[in-house]
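Encoded as structure tokens, the structure appears first; notes follow it.
Just so it is clear, none of the values below were taken in a lab; they were calculated from the coordinates. Since we're looking at a predicted model, the values are computed, not measured. All Cβ positions, even for glycine, are placed from backbone atoms using ideal geometry, and neighbour counts span all protein chains on display.
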Amino acid sequence: MVNFYVGCSGWNYEDWKGNFYPRNIESKNQLPYYSKFFKFVEVDSTFYYIPSRTAVRGWKDKTPSDFRFSIKFPKIITHEKKLEDVSKPLSILFYSLEPLVDKTKTLLIQLPPFLTEKKGFASLQSMVRYLDNRFRYSLEVRHPSWFNDNVYNFLKENFISLVWSVRDELKPPLVLTSDQLYIRFIGDRSIPDKDFGKIVKDRSKVLLEYARHVRELQNEQDIIIQDVLIAFNNHFAGFGPQSVNDFLRLLEMPESDWKHELESQQSRYSTQNDRFQSSLSDFK
């Protein structure tokens, strides 16, 4: 049986308030609220800094037992050091993430577009020796030179999945290198943050294409996939939660009922506000 984990890239977006979150929600309550409707999230903030162990423990405590994470490698490892001499930041990262071992489906190694296979493959091979084997790993490359059999065979030998990164700039081959399929719907950077609460771009053709790929893989007798991880970035179409539901519909899977909950929350808030205004009027 294939396990599906479909969610968004991140959860802390101001423009989701009133569109996914209740308008008056506090930041500390966003992850618990998000985890009521989705059982998977991709943590993008770890790209910019290694989180504290306390923060990571908070992610664990704020989510249900069946909730799962994908966590992005920090840029100091992938972009600044380019995978070279990274044993120290790796040890710091693994110490910080230790409380979340049981809830983490994969750690995402996202390479920069300027790092070619010629410059980075040997470093990747060396870095694997320092990886914590309690975690699974996924590799996202952004230069076409990585798309070759030497890389694929190395990833297969080390049970590392090659990410299917759905971006406008580069389309990866649909190659499986482990029993874990990871699809990241990214798009481009043309949608401004202020539009993150609504669908801005029609991506229906792309969704149909990848839904078909996933269904075909499920029907293949000689391909064994244990987990399918799917993350939607706001930059893909404008609004991650809606993209999730659009894709679930194409897979003929139950959609998340966050719209109904939001309407109920907003209705209760309006009723309470009306009562407050009425009481204030009586007082005057």
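You can think of it this way: the chain between residue 92 and residue 148 has 17.0 nm of extra reach, that is 0.36 nm per residue less the Cα-Cα gap.
Using a cutoff of 8 angstrom between alpha carbon atoms and counting only pairs six or more residues apart, the relative contact order for the chain works out to 21 percent.
Summary of the geometry: segment 67-120 and segment 1-56, compared by the centres of their Cα atoms, lie 19 Å apart.
Contour minus end-to-end for residue 80 and residue 128, with contour as 0.36 nm per residue of separation and end-to-end as the Cα-Cα distance?
On the way: separation 48, 0.36 × 48 = 17.28 nm, distance 1.77 nm.
Residue separation times 0.36 nm, minus the Cα-Cα distance, leaves 15.5 nm.
Our helix-only sum for the chain, with -39,500 (n - 2.57) per DSSP H run of n ≥ 4 divided by its residues, gives a mean residue ellipticity at 222 nm of -11000 deg cm²/dmol. Placing dummy labels 7 Å off each Cα toward the beta-carbon, the span from residue 25 to residue 3 is 2.5 nm. Extension gain, residue 252 to residue 65: 0.36 nm times the residue separation minus the Cα-Cα distance gives 64.8 nm.
Label zone of residue 101 (point 7 Å out along Cα→Cβ, amide N under 13 Å): in segment 132-159 this covers 132-136.
Students often get this wrong, so check it: of 17/156; 17/81; 28/72; 60/118; 36/82, which have C-alpha atoms separated by over 32 Å? Over 32 Å apart, Cα to Cα: 17/156; 17/81; 60/118; 36/82.
Each label was represented as a point 7 Å from its Cα along the Cα-to-Cβ direction; for residue 209 and residue 175 these points are 1.9 nm apart.
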